[in-house]
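The structure under discussion appears below in the form of structure tokens.
Derivation of every value follows stated rules applied to the coordinates shown; laboratory data play no part. Because the structure is a prediction, the values reported are computed rather than measured. We place every Cβ from the backbone using ideal geometry, glycine too, and count neighbours over all the protein chains shown.
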């Protein structure tokens with residue numbers, strides 16, 4: 001459709017919001033033209049299982065098994081394991097669906113056998129029939145941490161799920177990132193990409209822990225392709241999750257102009273929602289595409305993906 | 001009912017067969033009078049989870065949540081995780097129910113946190129409201145291994161579940177048992193027991209890996225209480241599982257006389273089924289109780305438990 005020849009597209013994505021645009025891209029591009037680089041900063045270990053919520057959300061989306069009501073988890077999944085945990089007197093705060101558990105069990109087993117997270121993610125994706133490439137940005141452990149006013153330092157999922165992102169965040173960092181490095185597959189994907197899209201994911205909690213892995217910013221700066229970001233903000237709010245709240249807590253107003261500045265020299269263009277049309281003029285350093293970025297239906301996702309790819313092709 | 005005062009009963013039990021008599025004992029005795037010492041030789045690790053099938057069967061039985069159709073697993077359990085494993089192209093040969101998984105996840109987490117299997121089993125049991133004491137014979141790893149004619153050496157569950165105990169067994173041993181030791185709680189329970197019952201479990205695969213843990217035979221020999229075994233054989237056959245087949249493969253006929261000899265000087269009496277009445281006379285070294293040992297209903301289990309306790313009280 002929009003991409004002639006063998007143009008390669010790379011998408012940087014976090015969880016639910018990013019996966020929506022990934023879905024649109026996947027329905028728009030031949031599978032071998034799309035690589036998704038996923039965030040691992042929100043990974044956690046529960047009951048000895050290695051859980052990668054963002055990778056799973058993207059993988060389930062690409063496999064067409066994602067729960068349409070939530071955007072995460074497996075469609076039609078049940079909670080019998082969780083019910084039994086409660087019978088044991090446990091208070092599970094992180095929902096692990098019964099089908100979803102199979103993913104975590106296999107991932108944990110394969111990691112324990114010495115496979116990298118990159119290899120494990122490939123095997124899981126292939127097992128579900130995903131033909132696009134889904135790459136964790138790094139196979140090394142990186143843990144997004146937040147320091148909150150009310151509860152002090154929390155691991156990401158404690159903040160995000162257990163406390164429903166209500167605590168006020170003073171500081172965010174990515175534990176372990178100094179010694180992490182991007183995988184060879186990620187480096188190669190960025191190098192070969194003709195188009196790079198930052199999906200409308202949380203800039204500080206989803207995109208930044210991808211960009212901050214040593215080697216990633218350098219590779220992006222050396223890109224041959226065009227790089228654009230789709231803003232996750234609509235009228236100063238996030239569609240879902242703490243992106244806007246979090247920015248304001250850092251004293252930042254979530255505007256297109258701020259986002260253009262935040263991503264610094266990495267972008268060749270910014271896509272913003274029509275609700276922010278009058279703010280487009282404040283973006284002085286980048287071309288801006290104003291369109292409907294709110295993705296409610298599958299059609300919305302496919303349309304936005306097509307518009308973004310078309311626009312980048314004309315930049 | 002049958003036990004006056006504070007008499008203490010200890011039962012040695014494997015899986016389904018043993019759990020039936022344990023059920024009867026539990027319905028007959030005050031909870032604080034019954035301790036069950038369980039087999040851990042059939043424990044296995046799958047997907048990084050520590051699974052203790054025999055302990056779980058006894059625990060679920062005591063908690064009244066066991067699947068009545070199979071004797072193992074949780075009543076009304078589902079297989080959604082397993083279905084998803086198959087979707088990933090896995091061929092799971094060991095069934096892990098969704099509710100059942102909660103047990104393995106908690107056990108694995110608590111073991112990883114440094115708790116012993118003894119402590120973990122206590123916490124799990126208490127979580128399910130079990131007020132009897134369920135003790136793994138040892139907190140150390142012991143793995144029952146079988147050398148088979150057709151497939152060579154197999155871990156126990158590979159033999160038992162994966163290959164449905166069809167291979168012919170040349171040799172059985174318990175890997176790791178030399179360096180294992182009975183827990184302090186087990187030693188104390190045997191020391192304080194007024195009655196010790198070997199449940200009708202597989203002598204070679206369930207009772208022997210309990211007896212063979214260093215310290216166990218010595219403690220039993222030094223017992224103050226009476227010790228009896230309930231034969232798992234009825235008319236030369238096991239009610240369930242490979243007990244009779246396995247003995248014949250070792251050139252042994254599964255008779256009351258053999259069992260009396262097999263358990264050596266540990267017994268003060270042997271309980272056999274009425275179907276073997278004419279073989280009772282061959283047991284020359286022990287008093288024998290002939291009764292219905294086949295336990296189909298709850299009433300059967302309670303009746304047999306009562307008869308055994310009554311009889312031991314008169315020995």
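For region B:185-290, the share of DSSP beta bridges that are antiparallel, to the nearest 5, is 15%.
Quick one: if the Förster radius is 22 Å, what FRET efficiency do residue B:303 and residue B:275 give, using the C-beta to C-beta distance and rounding to 0.05? Intermediate results must be reported in sequence, preceding the final value.
Working: r = 17 Å, r/R0 = 0.75.
It comes to 0.85.
Where a ≥ b ≥ c are the square roots of the eigenvalues of the C-alpha gyration tensor, would you call region B:117-274 rounded, which needs a/c under 1.5, or, failing that, prolate if a/b is larger than b/c, or oblate? Spell out each step's value before the answer.
Details: a/c = 1.71, a/b = 1.23, b/c = 1.39.
Since a/c reaches 1.5 but b/c is at least a/b, the shape of region B:117-274 is classed as oblate.
Chain B residue nearest the axis that carries B onto A, by Cβ, with distance in whole Å, is B:98, 2. Is region A:49-113 best put as rounded, prolate or oblate by its Cα gyration tensor, with a ≥ b ≥ c the root eigenvalues, rounded for a/c under 1.5, and otherwise prolate when a/b is larger than b/c, oblate when not? Taking the square roots of the gyration eigenvalues as a ≥ b ≥ c, region A:49-113 is oblate. When you restrict to C-alpha pairs under 8 Å that are six or more residues apart and normalise by the size of region A:1-133, the relative contact order lands at 23 percent. Taking every DSSP bridge with both residues inside the protein assembly as shown, close to 40 percent are antiparallel.
Out of all DSSP beta bridges with both ends in chain B, state the antiparallel percent to the nearest 5. Provide the component values of the computation, followed by the final result.
Values: 17 of 41 bridges.
In chain B, approximately 40 percent of DSSP beta bridges are antiparallel ones.
Angle of helix A:298-314 to the longest C-alpha principal axis of chain A, folded into 0 to 90 degrees and rounded to 10: 40°.
Considering only B:106, B:246, B:34, the Gaussian network model of chain B with Cα springs below 10 Å gives its largest mean-square fluctuation to B:106.
With N as its number of residues, region B:182-248 has a Cα radius of gyration that, divided by 2.2 N^0.38 Å, comes to 1.22.
Assuming a ≥ b ≥ c are the square roots of the Cα gyration tensor eigenvalues, decide whether region A:265-305 counts as rounded (a/c under 1.5), prolate (otherwise, with a/b larger than b/c) or oblate.
Working: a/c = 3.81, a/b = 1.72, b/c = 2.22.
Oblate, since a/c reaches 1.5 and b/c is not below a/b.
Here is how far apart the residue B:178 label points are across copies: 4.7 nm, shortest first, using a point 7 Å from Cα toward Cβ. Sorted largest first, the principal axis extents computed over the alpha-carbon atoms of region B:44-171 equal 44, 35, 30 Å.
Counting pairs of alpha carbon atoms under 8 Å apart in space and at least six apart in sequence, what relative contact order in percent does region A:155-247 give?
Answer for region A:155-247 is 32 percent.
Per residue of chain B, the DSSP helices (runs of n ≥ 4 H) give a summed -39500 (n - 2.57) that works out to -10000 deg cm²/dmol at 222 nm. All distinct Cα pairs of chain A go into the 1/r average, and the inverse of that average, the Kirkwood radius, is 19.7 Å.
Averaging Cα coordinates gives a centre for region B:249-279 and one for region A:1-72; these two points are 63 Å apart. For chain A, averaging the sequence separation of C-alpha pairs within contact (under 8 Å, six or more residues apart) and dividing by the residue count gives a relative contact order of 20 percent. Taking B:118, B:35, B:284 in turn, the Gaussian network model of chain B (Cα-Cα springs below 10 Å) assigns the largest fluctuation to B:284. Pairs of Cα atoms in region B:112-165 fall into 10 Å distance bins, from 0 up to the last occupied one, in shares of 22, 30, 30, 17, 2 percent. The mean count of C-beta atoms from other chains within 10 Å of the C-beta of residues in A:106-113, rounded to a whole number, is 3.
Based on the Cβ-Cβ distance of residue A:86 and residue B:261, what FRET efficiency does E = 1/(1 + (r/R0)^6) give at R0 = 56 Å, to the nearest 0.05?
On the way: r = 49 Å, r/R0 = 0.88.
Efficiency at R0 = 56 Å is approximately 0.70.
Spacing of the modelled spin labels on residue A:191 and residue B:191, each 7 Å from Cα toward Cβ, amounts to 6.9 nm. GNM on chain A, alpha-carbon springs under 10 angstrom: the most fluctuating residue among A:243, A:222, A:139 is A:222.
In the protein assembly as shown, Rg over Rh equals 1.12, where Rg is the alpha-carbon radius of gyration and Rh the Kirkwood radius from pairwise Cα distances. The convex hull of the Cα atoms of region A:221-315, projected and averaged over all directions, covers 6.4 nm².
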